Amino acid sequence: MSIEIAIFLAIASGFAGFVDAMAGGGGLIQLPALLVGLPNKELPLILGTNKVPSIFGTAAAARNYFKNIKPDIPLTLTMMAPAFAGSMGGAALAAFVPKDLFKPFLVFLLIVVAIYTWRKPELGMAENLKFTHKKRLIIVALIGLMIGFYDGIFGPGTGTFLVFFLVSTIGYAFLKASATAKLVNIATNAGAILSFQLTGHIWWQLGLLLAFANVTGAIIGSRLAIKGGSPLVRKVFLAVIFLLITRVAWDTFIS
């Protein structure tokens with residue numbers, strides 16, 4: 001791999017970490033960059049390598065968040081465990097399922113999320129918990145399993161979907177939802193890494209190089225999110241959804 005490609009991938013990974021730390025959606029930047037920079041590598045290797053910088057950047061962002069925001073530990077752990085299992089299962093199937101099957105449905109789902117969030121400006125501005133604590137645990141376990149599976153088998157937008165469901169279904173404010181999503185995202189990345197490693201589909205040297213850049217971006221992004229609060233996170237969230245819709249729609253219907 002040339003030095004020019006390495007620099008290009010590092011810059012993309014740093015920006016991905018920055019965006020992902022605030023509202024999710026870092027895969028929108030990092031995964032396409034890897035596909036462009038490594039055109040001759042097989043897809044499972046690219047997907048596996050992509051998870052290495054993601055988990056380091058997500059962990060750095062989570063550390064920053066939880067210096068300032070107190071998580072609901074039982075809820076977070078309840079969501080992380082099935083997310084880890086779901087991600088392992090999805091990653092195990094990643095080489096056998098055509099990615100084009102996901103794209104039309106993903107475009108539709110992102111449009112629904114964008115319209116719902118846009119039409120409810122009060123959504124996620126303050127915490128407004130729904131259901132009893134026991135019911136919340138059941139709901140987040142199911143959400144974690146589904147989104148974990150999606151992250152393992154495909155991935156782009158995982159953090160964004162986690163934030164959206166925590167805000168719309170559980171009643172979290174955007175800032176706390178983003179912080180909680182980081183820990184759940186660590187679990188999904190860990191599950192995928194374990195599964196990809198078992199099949200030898202991780203380029204560790206490149207992954208660790210990109211991890212340094214991703215962590216740098218994640219630290220900056222999480223600090224900015226904490227400073228700007230839920231209103232800023234909501235704006236970035238909507239911007240990320242718009243970019244995700246544009247990117248996936250282009251790949252699905254035009255490219």
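The values are calculated or read from the model by the stated rules, or taken from the named source; none is laboratory data. Here the structure is a predicted model, which means the values were calculated and not measured. All Cβ positions, glycine included, derive from the backbone under ideal geometry; neighbour counts span all protein chains shown.
List the pairs whose first member sits in the range 45-67 and is surrounded by fewer than 24 Cβ atoms within 10 Å (Cβ to Cβ), whose second member is among the β-branched types (Val, Ile, Thr) and not in a helix (DSSP H, G or I), and whose Cβ atoms are under 9 Å apart, counting only residues at least 6 apart or on separate chains?
Qualifying pairs under 9 Å: 45/202.
Could you list, in sequence order, all residues of the range 217-232 that are among the charged types (D, E, K, R) and exposed (fewer than 15 other Cβ atoms within 10 Å of the Cβ)? If you could, list the steps in order and put the result at the bottom.
Taking the range 217-232 first, the residues among the charged types (D, E, K, R) are 223, 227.
227 - this is the single residue of the range 217-232 that is among the charged types (D, E, K, R) and exposed (fewer than 15 other Cβ atoms within 10 Å of the Cβ).
Could you list, in sequence order, the residues of the range 110-169 that are among the polar types (S, T, N, Q) and at pLDDT below 90?
The initial filter retains those residues of the range 110-169 that are among the polar types (S, T, N, Q), namely 117, 128, 132, 158, 160, 168-169.
The answer is 117, 158, 160.
What pairs can you find where one residue is in the range 1-24 and on the phi > 0 side of the Ramachandran plot, the other is part of a helix (DSSP H, G or I) and aromatic (Phe, Trp, Tyr), and their Cβ atoms are less than 9 Å apart, with a gap of 6+ or different chains?
24/161; 24/164; 24/237
Name every residue in the range 191-219 that is hydroxyl-bearing (Ser, Thr, Tyr) and in a helix (DSSP H, G or I), in order of residue number.
Looking only at the range 191-219, we keep the residues that are hydroxyl-bearing (Ser, Thr, Tyr), and these are 195, 199, 216.
The answer is 195, 216.
Counting only residues that are of a type in the set (S, T, N, Q) and in a helix (DSSP H, G or I), which one in the range 233-255 is surrounded by the fewest Cβ atoms within 10 Å (Cβ to Cβ)? Can you show your working first?
From the range 233-255, those of a type in the set (S, T, N, Q) are 246, 252, 255; that's our starting set.
With in a helix (DSSP H, G or I) added as a condition, the list becomes 246, 252.
Numbers: 246: 13, 252: 15.
If we take residues in the range 233-255 being of a type in the set (S, T, N, Q) and in a helix (DSSP H, G or I), then 246 is surrounded by the fewest Cβ atoms within 10 Å (Cβ to Cβ).
State all residues of the range 121-137 that are surrounded by fewer than 13 Cβ atoms within 10 Å (Cβ to Cβ) and either closer than 17 Å to residue 163 by Cα or touching a residue at least 60 places away in the same chain (Cβ under 8 Å) (or both); if no residue qualifies, say none.
Of the range 121-137, the ones surrounded by fewer than 13 Cβ atoms within 10 Å (Cβ to Cβ) are 121-122, 126, 129-130, 132-135.
The answer is 121, 122, 126, 129, 130.
Return the only residue of 19, 113, 107 being over 16 Å from residue 155 (Cα atoms) and under 18 Å from the mean Cα position of the chain (by Cα). Talk me through it step by step, then tell me what you get.
Values: 19 fails: over 16 Å from residue 155 (Cα atoms); 107 fails: over 16 Å from residue 155 (Cα atoms).
Criteria check complete, one pass: 113.
Hey, can you tell me all the residues within the range 146-171 that are under 20 Å from residue 115 (Cβ atoms) and assigned to a loop (DSSP other than H, G, I, E, B)?
156, 157, 171
If you scan the range 172-190, which residues turn out to be surrounded by fewer than 24 Cβ atoms within 10 Å (Cβ to Cβ) and either part of a loop (DSSP other than H, G, I, E, B) or under 12 Å from the mean Cα position of the chain (by Cα) (or both)?
173, 183, 186
Could you check, for the range 145-157, whether at least one of its residues is surrounded by 15 or more Cβ atoms within 10 Å (Cβ to Cβ) and more than 25 Å from residue 56 (Cα to Cα)?
The answer is no; no qualifying residue exists.
Looking at 43, 28, which one is at pLDDT below 85 and more than 20 Å from residue 174 (Cβ to Cβ)?
On the way: 28 fails: more than 20 Å from residue 174 (Cβ to Cβ).
From the options 43, 28, the qualifying one is 43.
What do you reckon, is residue 41 within 18 Å of the chain's Cα centre (by Cα) and not aliphatic (A, V, I, L, M)? Please lay out each step first, then the result.
Details: within 18 Å of the chain's Cα centre (by Cα): no; not aliphatic (A, V, I, L, M): yes.
The answer is no for residue 41.
Just checking, how many residues over the range 86-105 are surrounded by fewer than 17 Cβ atoms within 10 Å (Cβ to Cβ), among the aliphatic types (A, V, I, L, M) and either free of Cβ contacts under 8 Å to residues at least 12 places away in the same chain or not in a helix (DSSP H, G or I) (or both)?
Summing the residues that are surrounded by fewer than 17 Cβ atoms within 10 Å (Cβ to Cβ), among the aliphatic types (A, V, I, L, M) and either free of Cβ contacts under 8 Å to residues at least 12 places away in the same chain or not in a helix (DSSP H, G or I) (or both) in the range 86-105 gives 3.
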